[in-house]
Amino acid sequence: MKLVSFAEKIFIMRWSAYLRYLLQSGSRYSVHSPFVYNLVENVFRDKQFHEYYLVAETVRKRMLHSDKIIQMKDYGTGGDNSQTYNAKVSHIARYSAKGKKNGRLLARICHYFSPNVILELGTSLGISTLYLKAASPVSLVHTIEGSPEVAEIALQNFRQAGFSDIRLHIGSFELLLPELLKNGLKPELVFIDGNHTKEATLGYFSEILPSLQSKSIIIFDDIHWSKSMEEAWEIIQKNPQVKISIDLYWMGLVFFKQGLSKQNFILRA
Ligand SMILES: C[S@@+](CC[C@H](N)C(=O)[O-])C[C@H]1O[C@@H](n2cnc3c(N)ncnc32)[C@H](O)[C@@H]1O
């Protein structure tokens, strides 16, 4: 009998999670909440090209052609970060950054809500940061990255794109997130894209909760990445402060707006 390798198990699990998502996801006609219906119509289903995509996409192209090799701290999925490894910048751009479809979606969400303050956990080369900032240039963006060498490249990318006001904080989420929040940061859009473990995700969520506004949104990346991320997503959805949750498979969105009745959606974007 052939044994299934760990990588094959992950592959099978992700595909079965995706199949489950496809079977459960509803169309816009199944949405009775005007707030969510408007989001679907104006943001999820918007197929137009927007100029504000260009900044991140130009940087992505440049990064994909870089043959520079840098040292990364192994935060990976909960590594203890004392280990380091070498990575090609082009490889990081290809495999770590949000892809074009989801990067554009992120940008449209940000443009639609135009948050005053954005907080991103996981800058990497700054591609998702640039999708967010270019879509809403008036927003004040704070982004945290734990690997100094990749953060340095992100910083150069921000400057070259003309966004030298993006506040890039270099250090671990565990150290810098509580500090930023203690100093009064009140994020209206949070994008969590690093350390995809159940414990870490729930930890960041509960740390950020007291600083949120009624109109705040949290976007969790890769909610179906693993069984434990799916468990974290389940717990987050059930939190009494969460009014609306939307599972888009690659990302999960949660809203806290007062006056909305509690509902969980599984939708295609
Ligand atoms: C998936 S990448 C982010 C990609 C980026 N958001 C994009 O789409 O362009 C995750 C990043 O988070 C960083 N990271 C992961 N866990 C971290 C932690 N606990 N503290 C600080 N940085 C961390 C990693 O070094 C990595 O660069």
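Couple of notes before you dig in:
- When DSSP beta bridges are restricted to pairs lying wholly in the chain, around 40% turn out antiparallel.
- Surface/4 of the Cα convex hull for the chain, nm²: 15.1 nm²
- Of all the options Leu125, Leu22, Leu248, the one that moves most in a Gaussian network model of the chain with Cα springs shorter than 10 angstrom is Leu22.
- Separation of the alpha carbons by more than 23 angstrom is noted, of Lys198/Lys243; Lys101/Lys133; Lys186/Lys257; Lys98/Lys186; Lys73/Lys198; Lys47/Lys100, for Lys98/Lys186.
- Going from the fewest other Cβ atoms within 10 Å to the most, the residues Thr197, Thr84 appear in the order Thr84, Thr197.
- Going from the fewest other Cβ atoms within 10 Å to the most, the residues Phe220, Phe44 appear in the order Phe44, Phe220.
- Where labels lie 7 Å past Cα in the beta-carbon direction, separation of Met13 and Lys215 in nm: 4.0 nm
- Mean Kyte hydropathy of -0.5 or more with a Cα span along the axis of at least 24 Å, helices from DSSP in the chain: 6-24
- Here the chain is assigned +1 on the Cβ of each Lys and Arg and -1 on the Cβ of each Asp and Glu. Its dipole about the Cα centre then comes out at about 860 debye.
- Over the chain, relative contact order from alpha-carbon pairs under 8 Å, at least 6 apart, %: 17 percent
- Local charge for Ser66 was computed over the other residues whose Cβ lies under 14 Å away, with Lys and Arg +1 and Asp and Glu -1, and equals +3.
- Dipole orientation for the chain: of the candidates Gly103, Ser128, Leu23, Leu23 has the Cα lying most toward the positive pole (charges on Cβ; Lys, Arg +1; Asp, Glu -1).
- Applying the criteria of a DSSP loop state and at most 10 other Cβ atoms within 10 Å to the trypsin sites (Lys or Arg not before Pro) of region 17-113 yields Lys47.
- Inter-part distance where region 100-121 and region 177-209 are each reduced to a Cα centre, Å: 16 Å
Values in this text are rule-based calculations from the coordinates and carry no lab data. Keep in mind that what you see is a predicted model, and the values were worked out from it rather than measured. Reconstructed Cβ throughout: ideal geometry from the backbone, glycine too, with neighbour counts over all protein chains shown.
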